[in-house]
Every structure is written in C-alpha cells, then in structure tokens.
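Below is one structure, written out as structure tokens; the observations come after it.
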Amino acid sequence: MTGLPDELPPDFRAFHQLHRGAYIHRAEVYLGNRADAEEAVDEAFEQLARSWARVLTMENPAAYAWKVMKHRAIDVARARKRGPCLVDNATFETAALRDAIDPIAMLEESLNLYQAIKKLPERQQDVVILLHCRGYTVAQTATHLGITEAGVRSTARYARRRLQQLLETSEGSNADDLAH
C-alpha cells in the first residue's frame, strides 16, 4: 500500500503518510527484516482503509491504528513460524558498535540492554524503541502511539527505572556466574 489508490479519503492518505515510517520501524524491530515489516504495515493500512469511517469516530484513532499494526506484525511472525526478533536485529544495528573501542564489550552491553527491553511492559517497549532505538522525538512518539507527550515522558521515565533495575540484576547474576 505504498502507492495509495486515489479514491482513498485525503485524511486517510495524510494519516498513512504521517505514520507509515514509524510503523515500519517498529514492525521491523519485531519481525527482523524490512520486507516482512512492510508487508505487516501494508496489511494494517489495508484493514484501516476498509473501516476508515469507523476509525475516525473512535476516541483515539492513532492508538487504535498502532494496535492494528502490532497485531499484523504478530500475524506475519506467526505465519512465518517465528517469534519476536528484538534482540536478533536491534543489537547489530547499534551505531555505537561501529565506533566502539571494545566492540565485544559494547556488543555484550547491547545484548543485555535488548534482553532487558524485551522484559518491559508493551507500552514501555514501544516508547523505548521509538525514542531511543529509532531516534523519534517525544512529540513524534506521542503522535504515533496516540498518547500525550506527558504520557511518553512518564512512560520513558518508568522504562528507564525498570531497565536500570533489570540491568543491575543482570550484572549481578553475571558476576555471580563468573565467581562460580
């Protein structure tokens, strides 16, 4: 659905243009590759287009559309008999690895971080991935998730605290493993 038919309403076309990139970024983190992400996102937009008039009557169309996209990504993963790929692809996309003095240590830190992100509640994962892994602003993240900027900041704050706890626990168990 990258080339939209002309008969679609202008507001749908604008919504598509505004959100498609972020949806693909999030689906790509989940699915592990761009082609599957584009397929999932296109299926989501096809579903949204079919019920666009009803979507517009919802209290929060952006939040609903985000959920539709995530469900389509899950469907694509299931169809390919795969689970989420967060650790598999996001770790190796870390730009810092290319410039790291000790890339092995940086890779280990990255793996620990992405393992911790996987343990966050879904909303916190979404915020962390869009804000920190994909570089969206607070305003952009709020727009794509259909929540307020204050909601994004609050969720990010809770996610950082939880990540810190998870990483400290992980470091403690790694130290214990080395001691034995």
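For (1) out of contact with any Leu (no Cβ under 7 Å at 6 or more places or on another chain); (2) crowded, with 17+ Cβ neighbours inside 10 Å, each residue gets a yes or a no:
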site	(1), (2)
PHE12	yes, yes
ALA40	no, yes
GLN47	yes, no
LYS67	yes, no
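Among the residues that make up the stretch 158-177, is at least one of them closer than 18 Å to ASN60 by Cβ, modelled with pLDDT of 95 or more and touching a helix residue (DSSP H, G or I) at 6+ places or on another chain (Cβ under 9 Å)? Talk me through it step by step, then tell me what you get.
Start the filter on the stretch 158-177 by keeping residues that are closer than 18 Å to ASN60 by Cβ, which leaves none.
Within the stretch 158-177, not a single residue is closer than 18 Å to ASN60 by Cβ, modelled with pLDDT of 95 or more and touching a helix residue (DSSP H, G or I) at 6+ places or on another chain (Cβ under 9 Å).
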Condition test on ILE129, is it under 14 Å from the mean Cα position of the chain (by Cα) and at pLDDT 85 or above?
yes
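I'm checking my understanding of the structure. Among residues of the stretch 89-126 that are among the hydrophobic types (A, V, I, L, M, F, W, C) and under 14 Å from the mean Cα position of the chain (by Cα), which one is modelled with the highest pLDDT?
LEU120
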Reported set for the stretch 49-63 where residues are more than 20 Å from GLU122 (Cβ to Cβ) and either of a type in the set (Asp, Glu) or surrounded by 14 or more Cβ atoms within 10 Å (Cβ to Cβ) (or both) is ALA49, TRP52, VAL55
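Suppose we filter ALA44, ALA27 for residues that are closer than 16 Å to HIS144 by Cα, modelled with pLDDT of 95 or more and part of a helix (DSSP H, G or I); which single one remains?
Numbers: ALA27 fails: modelled with pLDDT of 95 or more.
So the residue among ALA44, ALA27 that is closer than 16 Å to HIS144 by Cα, modelled with pLDDT of 95 or more and part of a helix (DSSP H, G or I) is ALA44.
The values are calculated or read from the model by the stated rules, or taken from the named source; none is laboratory data. Remember, it's a predicted structure, so these values are computed and weren't measured experimentally. Note that we place each Cβ from the backbone using ideal geometry, even for glycine, and neighbour counts take in every protein chain shown.
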